[in-house]
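Only one structure is covered here, and it is reproduced in the block below.
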Amino acid sequence: MADVQKTITPIDGSVLVTRKLATKKQIAEALAAARKAQGAWKHVPVAERGRVVAKAVDYFIAHKQEIAEELTRQIGRPISQSPGEMRGFEERARYMIEIAPSALGDVPAEPRPGFTRFIRREPLGVVFIVAPWNYPYLTSVNGVVPALMAGNAVILKHSAQTPLCAERFAAAFKEAGLPKGLFQHLHMSHDDTLKLIGTDGIDYVNFTGSVPAGHAIVQAASDRFIGLGLELGGCDPAYVRADANLAHAIENLVDGAMFNSGQSCCGIQRVYVHQDLYKPFLDGFVDLTKKYNLGNPLESGVNLGPVVRARAADEIRKQVAKATRQGAKPLIDSKHFKADKKGTAYVAPQVFKVDSNKNSVMQEECFGPVAGIMKVKNDEEAIRHMNDSAFGLTAAIWTSDEKSALEIGNRIDTGTWFMNRCDYLDPALGWTGVKDSGRGCTLSRVGYEYLTRPKSFHLRTQI
């Protein structure tokens, strides 16, 4: 039926969850309730908001084991890795709660006799969060917690692949005693999602997803003067410099490319290696990738699960074939991974030896366990290739020279620049992208600026 969504687990292709989609009446009622609740919440002191939201975080930690299994069944991530999402969730949530009082405090102007002048940060109103399935808690917490801390109401629309995550948020806030209507989740169709964005009463949209979907979000909001936070695609690069710690670089970058079956917006897909380290790096990268165990994510010892659905696995195979036709040399025989099987969500990882940066594996986002590795002569060549991309979410360098890392980082078009690590969000730093990777910012003090508006107070106290 058109008014029902079904969640298919990638583990075996069976129906895991069935949910009714919200009706137009239910959507309108949710928005009205959110606006009413926000009118009171914005006057609640920040410290009190923090006590309530922190209780909701406590709920997640108390239920982390069952949440981890739910997560594995919904998206296929190995059960040994799923608990890590709750650790990251807690880190981000508690940090944003901790800094809220100072980050949301009044900004004084320079002293001027006879005047009191300052800027106050006012909440926007109702924040609509459209969250993805690949890191369903880590992506949504970036918006949900700071939006509430800033005095906004939140309506959450989660992916049809991860409806239980939205329901967990609702259960957590109910237990924490959050005022009714202030946080709500809706299982919605794509059409109704876009219509809601264009509806009076939505004051900000936080979206994480694909570039085409980002364009649809922008179009839906085009008749309204509201803010949009867009975290979109990536084809993130890494540069292994001649002075890098080889073993560390191999270990980190294989993990950066393969973790969560490569289904990470900021996962590493293209690696540029200085010619002095190229062969040992390439050999080591391939050898470590072959040691991965692709299989049922509920079984112990499995560290590479299925991708989100069989259709996604088919698309990854098409991208691998396309890169091969264009001249990239595949270095992994899929037969090495017995669980790899067409028609299922299980797809073998692939590592390419690449000679041209124009190859599709170095230009197009492949949301799967795939990496291209290319030799470069020097820093200049690496910089040129890293910037030769439509994306700009993160980029990383492996080197022992911090000064050079800073100098090179200043020349890379990216939202986040890493040295000797990748695929990580530090909540103290703004999470943002450039080019087709999106716009806006979440996390850090800067993230609060996107969830509030400045209101200037200019008081003449002497007449």
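A short reminder: the numbers here are calculations on the coordinates, not readings from a lab. All values derive from a computational prediction rather than experimental measurement. Quick reminder, even Gly has a Cβ in these numbers, built from the backbone with ideal geometry, and neighbours come from all protein chains shown.
Rank these for me by crowding, Glu167, Glu85, going from fewest to most other beta carbons within 10 Å. Mind showing how you got there, number by number?
Working: Glu167 17, Glu85 23.
The order, fewest Cβ neighbours first, is Glu167, Glu85.
How long are the three semi-axes of the equivalent ellipsoid of segment 229-325, in whole Å, if each is the root of 5 times an eigenvalue of the C-alpha gyration tensor, listed from largest down?
Details: eigenvalues 118, 63, 40 Å².
In descending order the semi-axes read 24, 18, 14 Å.
Would you give the gap between the C-alpha center of segment 280-317 and the C-alpha center of segment 52-75, rounded to a whole Å?
26 Å
Between Arg112 and Leu459, with labels modelled 7 Å along Cα→Cβ, what's the label distance in nm to one decimal, could you check?
Roughly 1.5 nm, to one decimal.
Taking H placed 1.01 Å from N in the peptide plane, check which residues at least 5 places from Arg270 or on another chain put their amide H under 5 Å from its amide H.
Under 5 Å from the amide H of Arg270: Asp236, Ala238, Gly372.
Which whole-number percent is the relative contact order of the chain (Cα, under 8 Å, 6+ apart)?
Details: 1009 pairs, mean separation 89.5, N = 463.
Once divided by the residue count of the chain, the mean separation gives 19 percent.
Mind sorting Lys335, Lys36 by how few other Cβ atoms lie within 10 Å of their own Cβ, fewest first?
Values: Lys335 8, Lys36 15.
Going from sparsest to densest Cβ surroundings: Lys335, Lys36.
Between Lys25 and Ser356, what length in nm is gained on full extension when 0.36 nm per residue of separation is reduced by their alpha carbon distance?
Using 0.36 nm per residue and subtracting the Cα-Cα distance, I get 113.8 nm.
Going by average Cβ density within 10 Å per residue, which order do the peptides 403-415, 354-366, 132-144 take, highest to lowest?
Values: 403-415: 16.0, 354-366: 19.3, 132-144: 25.7.
With the highest mean Cβ count within 10 Å placed first, the list reads 132-144, 354-366, 403-415.
Hey, got the dipole for segment 7-125? About the Cα centre, +1 on K and R Cβ, -1 on D and E Cβ, debye to the nearest 20?
On the way: 20 positive and 14 negative charges, 124 e Å.
With only Lys, Arg, Asp and Glu charged at Cβ, the dipole is about 600 debye.
Between Ser14 and Glu299, what FRET efficiency comes out of the Förster formula 1/(1 + (r/R0)^6) with R0 = 25 Å and r the beta carbon distance, rounded to 0.05? Mind dumping the intermediate values first?
On the way: r = 17 Å, r/R0 = 0.67.
Computed FRET efficiency for Glu299 and Ser14 comes out at 0.90.
Stretch Ile61-Leu246 to full length: gain in nm at 0.36 nm per residue minus the Cα-Cα span? Working shown, then result.
Working: separation 185, 0.36 × 185 = 66.60 nm, distance 3.67 nm.
Result for the pair: 62.9 nm of gain on full extension.
Each residue of segment 307-315 in turn: what ³J(HN,Hα) in whole Hz from Karplus with 6.51, -1.76, 1.60 and θ = phi - 60°, glycine and Pro shown as x?
Per residue, the Karplus-derived 3J(HN,Hα) values read 7, 5, 7, 4, 5, 5, 4, 4, 5 Hz.
Enumerate by residue number the trypsin sites (Lys or Arg not before Pro) in segment 183-252 meeting two conditions: DSSP loop (anything except H, G, I, E, B), and at most 16 other Cβ atoms within 10 Å of the site's Cβ.
Numbers: sites: Lys195, Arg224, Arg241; in loops: Arg224, Arg241.
Loop-located and lightly packed - Arg224.
Please report the spacing between the Cα centers of segment 9-50 and segment 396-463 in Å, no decimals.
What the calculation gives is 29 Å, centre to centre.
Quickly estimate the mean residue ellipticity at 222 nm for the chain, helices only: each DSSP H run with n ≥ 4 gives -39500 (n - 2.57), and the total goes over all residues, rounded to 500.
Values: 14 runs with 179 residues, N = 463.
So the calculated ellipticity at 222 nm is -12000 deg cm²/dmol.
Kindly state, as a whole number, the per residue volume in cubic angstrom of the convex hull around the alpha carbon atoms of the chain.
Numbers: hull volume 71.2 nm³, N = 463.
For the chain, the hull spanned by Cα atoms encloses 154 Å³ per residue.
Which distance in Å, rounded to a whole number, links the C-alpha centroids of segment 340-359 and segment 140-187?
Here the two parts' Cα centres lie 36 Å apart.
Using only Cα atoms, find the angle between the long axis of helix 211-220 and the longest principal axis of the chain, and express it within 0 to 90 degrees, rounded to the nearest 10.
Orientation of helix 211-220: about 20 degrees from the principal axis.
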